[in-house]
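Okay, so here's the structure we're looking at.
No lab work stands behind these numbers, since they all come straight from the coordinates. Just so we're clear, the structure is a prediction, and the values are computed from it rather than from any experiment. Note that each Cβ is placed from the backbone with ideal geometry, even for glycine, and that neighbours are counted across all protein chains shown.
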Amino acid sequence: MGGGVGRITESRGLSVDERRVLQWLLTFGAQITGTDTAHAAAFLPQLDRLRVIGRCPCGCPTIDLALESPHLADGDVSDTLADVEGRSPEGTEIGLILRAKAGSLSRLEAYARDGLVPFSLPTDEELATFW
């Protein structure tokens with residue numbers, strides 16, 4: 001889960017798996033994290049306009065996000081919408097952190113708690129065990 005160093009630039013829409021995980025994090029992850037669920041749910045309409053603009057080179061599924069259309073920024077403060085832990089389909093212990101910046105979803109951070117990469121995003125069945 002690298003910072004900004006060595007990021008791989010991309011320009012594409014969300015994959016089905018990425019969209020599914022983002023929707024789950026905004027719907028249930030905030031509740032698990034103990035953050036404001038109404039605040040997190042307000043980001044759901046952005047899913048239709050999100051683009052993947054970068055990814056981590058280490059083999060984890062961390063992606064950087066941006067909206068297709070610019071909007072008015074709410075500031076530069078990073079906001080953690082969800083921070084959950086569970087397992088990937090490969091059995092790797094992982095964490096998922098969903099962040100927003102300036103009022104837009106900005107990063108889905110996926111990291112291996114045991115350092116084992118690569119791994120993939122959790123399925124619906126694995127997400128259900130994050131509770």
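Pairs of alpha-carbon atoms within less than 8 angstrom and 6+ residues apart define the contacts here; what relative contact order does the range 8-128 have, in percent? Relative contact order comes out at 26 percent.
Near Thr35: Cβ cut-off under 11 Å, other residues only, Lys/Arg at +1 and Asp/Glu at -1. The net charge is -3.
Converting phi to 3J(HN,Hα) with the Karplus coefficients 6.51, -1.76 and 1.60 and the offset θ = phi - 60°, the range 44-55 yields 3, x, 5, 4, 6, 10, 7, 10, 8, 10, x, 8 Hz in sequence order, with x at every glycine or proline. Highest mean packing comes first when the peptides 15-22, 60-67 are listed by Cβ atoms within 10 Å, giving 60-67, 15-22. Each residue of the range 25-32 was assigned a 3J(HN,Hα) from its phi angle through the Karplus curve 6.51 cos²θ - 1.76 cosθ + 1.60 (θ = phi - 60°); the sequence is 4, 6, 8, 10, x, 5, 5, 5 Hz, with glycine and proline shown as x.
Taking a Cβ cut-off of under 12 Å around Glu18, the surrounding Lys, Arg, Asp and Glu residues balance to a net charge of +3, with basic ones at +1 and acidic ones at -1. Alpha-carbon geometry of the range 26-69: the Rg and the Dmax are 12.7, 33 Å, given in that order.
Highest average first, the peptides 99-106, 36-43 ordered by how many other beta carbon atoms sit within 10 Å of their residues are 99-106, 36-43.
Volume of the convex hull of the range 8-128 (Cα atoms only), normalised per residue: 99 Å³.
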